[in-house]
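The values are calculated or read from the model by the stated rules, or taken from the named source; none is laboratory data. Quick caveat: nothing in here was measured; it's all calculated off a predicted structure. Counting neighbours? That spans all protein chains shown, and the Cβs are built from the backbone with ideal geometry, glycine included.
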Amino acid sequence: MFKYSLVGYDGSHSSQQAFRFAVELARLTKGRLRVVSALQVVEGGADTTSLVMTDTSSQRVVELKAELQSLAADADTLVDLEVLHGSPGDVLIGQVHAHNIDHIVIGHTERGALARWLVGSVSDDILARSHVPVTVVR
């Protein structure tokens, strides 16, 4: 069964549902979770981007720890948390290889065809590129 599951987390309702599902699965299998939040900086010079990334990451980790604890009281014993910068799909796929992830859990947000074309779908990207099982929570 799954021993180390990855959860893509952005604070949305669908990612909260994915996190809750993954927590229940980890409890049942005596596994662990790696929760990753991907921050994507889209504009700015190199100096500005570097400063924003540093400040945003440390603050976001503090906020996420509290948020995850409110969703699952035992989150601190089950979860490894990291905030990374980059495209969510690239960040999550990179985590699979870097941390021996054997399962990915992601939420799915319903978007119209135009929105999917403009910004893409992280769940579609992960499903297309992952070499480990993926659970999409709706």
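Could you grab me the full set of residues in the stretch 80-101 that are β-branched (Val, Ile, Thr) and under 16 Å from Ala38 (Cα atoms)?
To start, the set of residues in the stretch 80-101 that are β-branched (Val, Ile, Thr) comprises 83, 91, 93, 96, 101.
Listed by number, the residues that qualify are Val83, Val91, Ile93, Val96.
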- Message: So, in the stretch 117-138, how many residues would count as being modelled with pLDDT of 95 or more and on the phi > 0 side of the Ramachandran plot?
- Response: 0
- Note on the structure: With the first residue restricted to the stretch 1-28 and required to be without any contact (Cβ under 8 Å) to a residue 60 or more places away in the chain and at negative phi, and the second required to be in a loop (DSSP other than H, G, I, E, B) and surrounded by fewer than 24 Cβ atoms within 10 Å (Cβ to Cβ), Cβ contacts under 6 Å at 6 or more apart or on different chains are Val23/Ala72
- Message: If I ask for residues that are over 14 Å from the mean Cα position of the chain (by Cα) and at pLDDT 70 or above, which ones from the stretch 100-116 would you list?
- Response: Asn100, Asp102
- Of the residues in the stretch 14-36 that are within 16 Å of Val96 (Cα to Cα) and of a type in the set (Val, Ile, Thr), the one that is surrounded by the fewest Cβ atoms within 10 Å (Cβ to Cβ) is Val36
- Query: Name the residues in the stretch 53-105 that are exposed (fewer than 14 other Cβ atoms within 10 Å of the Cβ), over 22 Å from Arg27 (Cβ atoms) and hydroxyl-bearing (Ser, Thr, Tyr), would you?
  - Reply: Thr54, Ser58
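Scan the stretch 119-138 for residues that are among the charged types (D, E, K, R) and either exposed (fewer than 15 other Cβ atoms within 10 Å of the Cβ) or not in a helix (DSSP H, G or I) (or both) and jot them down.
Start the filter on the stretch 119-138 by keeping residues that are among the charged types (D, E, K, R), which leaves 124-125, 129, 138.
Result: Asp124, Arg129, Arg138.
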